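Comments concern the structure below.
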Amino acid sequence: MTAIIDLFGLKGFIPHGYCLLWSPALLWLHAASDFLIFLAYFSIPLALIYFIKQRKETPYPRLLFMFAGFIIACGIGHLLSALTIWIPLYWLEGWVKGFTALISITTATMMFWVIPKALALPTLKQLQEELHQRQIIENQLRLFENLFEMTSDCMFMISPKQDFRFVFVNAATCQHFGEDREQLLKWRVPDWNPNFQSQNDLDALWLTIKAKKGIIFETFHRLRSGIEIPVQFSANYLSYQDEEYLVGFFHNITERKLAETNLRASAHYIHS
């Protein structure tokens, strides 16, 4: 017992109850209040730790753990305040207060470091507005996609970032090439256009489209059968969600080319 008294520094001190004149009402007011605060201070960290474990993506989990440690230290301090009414554990209470001071200063310092980063995070209202805008854009894209499917023109979208592959084709494009949609989405421009076979050709085309925001020209398409047909090709630049695309349409001009050839032949015959 003497060793325990010496360890906790009890010798020479009197319980705090003497200061309260051992008044039952005053004594139990302090004791009950400190004990209830102790229980609350221990329940809050448990709730924080449970929240962190359930939400793995919680930002700044270390700060939350520091808060939990700070609150636990405060809770132990209130428990000791209740006990010192009967047992003069003033040295132990002092060491606990010292530890609480250390962890509270550390937590406060972390707060000043975290606050600028936390303020940069989007608010709930901003996230809701962003989600609303995305829904509007998705609805518009769905509408455009439905319109693209209904048109007889061959509509397409190509991603230069994905090695100049189709990322969208409508039904008319599938019919034009004689391929299903899944197969066309694997095709690169050189697979169906004999005029753009090298990477230099593709890069030059893309730079021209970006500079002029859109061009119209005549070219040839190679179908699945191997036949090459003339087409009028409209290519435009599109930037969407930090990605760049080549979008546009084309249509078969074989009949027009035949008509032009026949017209030139007739003109030559007349003049000759």
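The values are calculated or read from the model by the stated rules, or taken from the named source; none is laboratory data. Since the model is a prediction, treat every value here as computed from it, not as a measurement. Neighbour counts are summed over all protein chains in view; Cβ atoms, including those assigned to glycine, are modelled from backbone coordinates with ideal geometry. Protein only, heavy atoms only, side chains kept; ligands, DNA and RNA dropped before computing areas. Shrake-Rupley method; radii C 1.70, N 1.55, O 1.52, S 1.80 Å.
Details
- Degrees separating the helix 90-120 axis from the principal Cα axis of the chain, which is the longest one: 20 degrees
- Solvent exposure ordering (accessible area, 1.4 Å, most first) of His221, His132: His132, His221
- Stokes-Einstein, applied to the Kirkwood radius of the range 151-225 over Cα pairs at a viscosity of 1.002 mPa s and 20 °C, places its translational diffusion at 165 µm² s⁻¹.
- Two-decimal ratio, the range 1-116, of alpha-carbon radius of gyration to 2.2 N^0.38 Å: 1.31
- The HN-Hα couplings worked out from phi for the range 224-239 by the Karplus form 6.51 cos²θ - 1.76 cosθ + 1.60 (θ = phi - 60°) are 4, 6, x, 6, 9, 10, x, 9, 9, 10, 10, 10, 10, 9, 9, 10 Hz, whole numbers, x standing for Gly and Pro.
- P(r) histogram, all alpha-carbon pairs of the range 53-136 included - 10 Å bins from 0, percent: 15, 29, 25, 16, 9, 5, 1
- Rounded Å value of the spacing that divides the Cα centres of the range 191-257 and the range 25-104: 69 Å
- Share of alpha-carbon pairs per 10 Å distance bin for the range 165-272, given as whole %: 12, 40, 30, 12, 5, 1, 0
- In order along the range 69-76, phi translates into HN-Hα couplings of x, 4, 5, 4, 4, 5, x, 5 Hz, rounded to whole numbers, per the Karplus curve 6.51 cos²θ - 1.76 cosθ + 1.60 with θ = phi - 60° and x for Gly and Pro.
- Normalising the average separation of contacting C-alpha pairs (under 8 angstrom, six or more residues apart) by the number of residues puts the relative contact order of the chain at 12 percent.
- Once the Cβ-Cβ distance of Leu46 and Leu124 is raised to the sixth power relative to R0 = 22 Å, the FRET efficiency obtained is 0.30.
- Amide H contacts under 5 Å for Ile85, placed H, 5+ residues apart: His16
- Relative pair counts by distance (%), Cα atoms of the range 52-94, 10 Å bins: 27, 31, 21, 17, 4
- Where trypsin sites (Lys or Arg not before Pro) fall in DSSP loop in the range 25-117, at most 16 other Cβ within 10 Å: Arg55, Lys56
- Bridging of Lys212 to aspartates and glutamates at a Cα separation below 20 Å is possible for Asp201, Asp203, Asp242, Glu243, Glu244, once same-chain residues fewer than 8 apart are set aside.
- Other-chain or far-sequence residues with amide H under 5 Å of Met155's (modelled H): Asn170, Ala172, Thr173
- In sequence order, calculated HN-Hα J values of the range 163-177 (Karplus, 6.51, -1.76, 1.60; Hz; x Gly/Pro): 6, 6, 9, 5, 10, 7, 9, 8, 4, 5, 5, 4, 5, 4, 8
- Between amide H atoms placed 1.01 Å from N, distances below 5 Å from His221 occur with Ile229, Val231, all of them 5 or more places distant or on a separate chain.
- For the chain, the orientation-averaged shadow of the C-alpha convex hull comes to 27.3 nm² (one quarter of the hull surface).
- Considering the range 204-257 at the alpha-carbon level, its Rg and Dmax are found to be 13.2, 40 Å.
- The coefficient of translational diffusion for the range 116-167, derived via Stokes-Einstein from the alpha carbon Kirkwood radius under 25 °C and 0.890 mPa s, stands at 174 µm²/s.
- The candidates Phe38, Phe156, Phe67, Phe112, arranged from most to least accessible area with a 1.4 Å probe in the full protein assembly, appear as Phe112, Phe67, Phe38, Phe156.
- Rounded tilt (10° steps) of 254-271 against the dominant C-alpha axis of the chain: 30 degrees
- Of Tyr60, Tyr18, Tyr237, the one that fluctuates the most in a GNM where the chain has Cα springs shorter than 10 Å: Tyr18
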